[in-house]
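Engineer: My questions all concern the structure below.
The values are calculated or read from the model by the stated rules, or taken from the named source; none is laboratory data. Predicted, not measured: the structure shown is a model, and the values here were computed from it. Reconstructed Cβ throughout: ideal geometry from the backbone, glycine too, with neighbour counts over all protein chains shown. Heavy atoms of the whole protein, side chains included, go into the accessibility calculation; ligands, DNA and RNA do not. Shrake-Rupley method; radii C 1.70, N 1.55, O 1.52, S 1.80 Å.
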Amino acid sequence: QVRLVEYGGGLVQPGGSLTLSCAASGPIFSTRVMGWYRQAPGKERELVATITGGGTTNYADSVKGRFTISSDNAKKTVYLQMNSLEPEDTAVYYCRYSNYRSIDSWGQGTQVTVSS
């Protein structure tokens with residue numbers, strides 16, 4: 001069982017930066033993928049970025065060059081550094097964990113609002 005809690009959401013002006021954290025409890029295995037997803041009002045949840053246990057990362061085209069996903073295995077925490085934020089980035093951001101087999105966990109989400 002893996003429980004995920006997101007931190008770091010808030011209100012930021014366009015062009016600003018924000019860093020989200022996802023703290024995991026329970027065992028985290030090497031064979032895994034963790035990621036950030038987001039869902040704006042009236043839209044489907046979409047992938048933002050993923051990182052595997054081996055450190056391989058993947059990003060949605062809309063955030064490439066602006067967002068960086070990273071992890072601290074000792075702290076069992078995944079981060080999403082967001083730079084050059086745009087109003088289109090406004091959404092609830094969710095953390096996800098999967099071991100590719102029996103576990104697929106989601107956090108409760110944290111609100112990110114980009115507005116003047």
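Engineer: Out of (1) more than 16 Å from Cys22 (Cβ to Cβ); (2) surrounded by 14 or more Cβ atoms within 10 Å (Cβ to Cβ), what's the single condition that is false for Arg38?
Structural biologist: (1)
Engineer: What is the number of the single condition among (1) under 25 Å from Gln1 (Cβ atoms); (2) out of contact with any strand residue (DSSP E or B) (no Cβ under 8 Å at 6 or more places or on another chain); (3) at pLDDT 95 or above that Pro27 does not meet?
Structural biologist: Here Pro27 meets the rest and fails (3).
Engineer: Moving on. Can you report the number of residues in region 91-111 which are touching a Cys at 6+ places or on another chain (Cβ under 6 Å) and acidic (Asp, Glu)? It would help to see each step written out before you state the result.
Structural biologist: We begin by selecting, within region 91-111, every residue touching a Cys at 6+ places or on another chain (Cβ under 6 Å); these are 95, 107.
Keeping just the survivors that are acidic (Asp, Glu) gives none.
Residues flagged as touching a Cys at 6+ places or on another chain (Cβ under 6 Å) and acidic (Asp, Glu) within region 91-111 amount to 0.
Engineer: Another question about this same structure. Test Val5 against the stated conditions and say whether it is assigned to a strand (DSSP E or B) and surrounded by fewer than 17 Cβ atoms within 10 Å (Cβ to Cβ).
Structural biologist: Working: assigned to a strand (DSSP E or B): yes; surrounded by fewer than 17 Cβ atoms within 10 Å (Cβ to Cβ): yes.
In short, yes.
Engineer: Could you please tell me which pairs satisfy a Cβ distance under 7 Å, a separation of 6+ or placement on different chains, a first residue in region 80-102 that is at positive phi, and a second residue that is charged (D, E, K, R) and assigned to a loop (DSSP other than H, G, I, E, B)?
Structural biologist: Ser84/Arg66
Engineer: Mind checking which residues of region 12-35 are of a type in the set (A, V, I, L, M), open to solvent by less than 40 Å² (accessible area, probe 1.4 Å) and in contact (Cβ under 8 Å) with a residue 60 or more places away in the chain?
Structural biologist: Listed by number, the residues that qualify are Val12, Leu18, Leu20, Ala24, Val33, Met34.
Engineer: What strands (runs of 3 or more DSSP E), lying completely within region 47-111, carry at least 2 residues that are open to solvent by less than 50 Å² (accessible area, probe 1.4 Å) and touching a Phe, Trp or Tyr at 6+ places or on another chain (Cβ under 7 Å)?
Structural biologist: Per the criteria, 67-72, 77-82, 91-98.
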